[in-house]
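Accompanying notes for the structure given below.
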């Protein structure tokens, strides 16, 4: 009986490489499809379409990474991660052996409080302020607090109560003592884990830490260009500039001068974080985005 050709280690490696590259396809194809479909629609619809497409592509990428780390994963847990959890901590969420502690009552209280405060800013404060730009910024900040800090935290607590290790996306960013701690450990932790694993770590040795850091922040800038500049049809390059400034700030605080003046600790470190992240925030969310995207969306949800 004739035997088929044996699979050589080289062929197996090529197959693994092909599979590894294929996991990036949703992140490349879904945002492109969202732009094609939603481009004629209102700017805020285009924003959400692109954001959700990028989110779905990232979720798939992290699910593939998580399965490699954890091994066999029950299909129900995979569906829960892909469809019912906004975080990207796949390694923890998919691991059935990881058992989190039951959340304390005060954690539920503070999560609910953040939802109420965010909603108060959106539907209570924004409409009372003078000037459309200030109204748009207030409503936008309120939505971030309501969703990322409040609702997503509440959902994490619900999963933890069910015995699944869902880690909150935000980890008190205001407590960061350095810019590296802010972006690496406290702000949008799921996305940070994603870019560290897939961009920073592969580039760190061949390019060096400084170049890998700047390229990682550049990637974050390009993602935000797609979700901010494209829907606004303007302000191109500003979100990227914002994140390159963040990368430069991280390198500055780690330099000999930054360590000498204490940019990674104490009051100076906290002030450095506040200035570098907040002062250029108008680059990340330029007026054209607030006017063309956020204000119409706030009107649709009856915040204005």
**Request:** Give the range 99-117 a look and list any residue that's crowded, with 16+ Cβ neighbours inside 10 Å and not in a helix (DSSP H, G or I), or say none.
**Result:** 100, 103
**Asked** Quick one: is residue 196 more than 30 Å from residue 300 (Cβ to Cβ) and outside any helix (DSSP H, G or I)?
**Response** no
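Which members of the range 209-235 meet the condition of being more than 18 Å from residue 47 (Cβ to Cβ), in contact with a helix residue (DSSP H, G or I) (Cβ under 8 Å, 6 or more places away or on another chain) and either free of Cβ contacts under 8 Å to residues at least 24 places away in the same chain or not in a helix (DSSP H, G or I) (or both)? Let's see the steps before the verdict.
So the first thing to find is which residues in the range 209-235 are more than 18 Å from residue 47 (Cβ to Cβ), and the list is 209-219.
Keeping just the survivors that are in contact with a helix residue (DSSP H, G or I) (Cβ under 8 Å, 6 or more places away or on another chain) gives 210-219.
Those that are more than 18 Å from residue 47 (Cβ to Cβ), in contact with a helix residue (DSSP H, G or I) (Cβ under 8 Å, 6 or more places away or on another chain) and either free of Cβ contacts under 8 Å to residues at least 24 places away in the same chain or not in a helix (DSSP H, G or I) (or both): 211, 212, 215.
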**Asked** From the list 126, 107, which one is under 27 Å from residue 194 (Cα atoms), in contact (Cβ under 8 Å) with a residue 12 or more places away in the chain and out of contact with any strand residue (DSSP E or B) (no Cβ under 6 Å at 6 or more places or on another chain)?
**Response** 107
**Asked** If you take the residues in the range 20-42 that are under 22 Å from residue 64 (Cα atoms) and touching a residue at least 40 places away in the same chain (Cβ under 8 Å), which one is surrounded by the fewest Cβ atoms within 10 Å (Cβ to Cβ)?
**Response** 23
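With the structure loaded, tell me whether residue 247 is under 21 Å from the mean Cα position of the chain (by Cα), part of a loop (DSSP other than H, G, I, E, B) and surrounded by 15 or more Cβ atoms within 10 Å (Cβ to Cβ) or whether it fails that test. Talk me through it step by step, then tell me what you get.
Numbers: under 21 Å from the mean Cα position of the chain (by Cα): yes; part of a loop (DSSP other than H, G, I, E, B): no; surrounded by 15 or more Cβ atoms within 10 Å (Cβ to Cβ): yes.
So residue 247 does not fit the description; no.
Any idea which of 137, 187, 159 is at pLDDT 90 or above and under 25 Å from residue 258 (Cα atoms)?
Values: 137 fails: under 25 Å from residue 258 (Cα atoms); 159 fails: under 25 Å from residue 258 (Cα atoms).
Unique residue meeting the criteria: 187.
Could you tell me whether residue 238 is touching a helix residue (DSSP H, G or I) at 6+ places or on another chain (Cβ under 8 Å) and either modelled with pLDDT of 95 or more or surrounded by fewer than 18 Cβ atoms within 10 Å (Cβ to Cβ) (or both)?
On the way: touching a helix residue (DSSP H, G or I) at 6+ places or on another chain (Cβ under 8 Å): yes; either modelled with pLDDT of 95 or more or surrounded by fewer than 18 Cβ atoms within 10 Å (Cβ to Cβ) (or both): yes.
The answer is yes for residue 238.
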**Prompt:** Which condition breaks for residue 137 when tested against (1) free of Cβ contacts under 8 Å to residues at least 40 places away in the same chain; (2) under 21 Å from the mean Cα position of the chain (by Cα); (3) under 13 Å from residue 298 (Cβ atoms)?
**Reply:** (1)
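The values are calculated or read from the model by the stated rules, or taken from the named source; none is laboratory data. Please read all numbers here as calculations on a predicted model, not as lab measurements. Ideal geometry is used to build each Cβ from the backbone, glycine not excepted, and the neighbour counts take in all protein chains shown.
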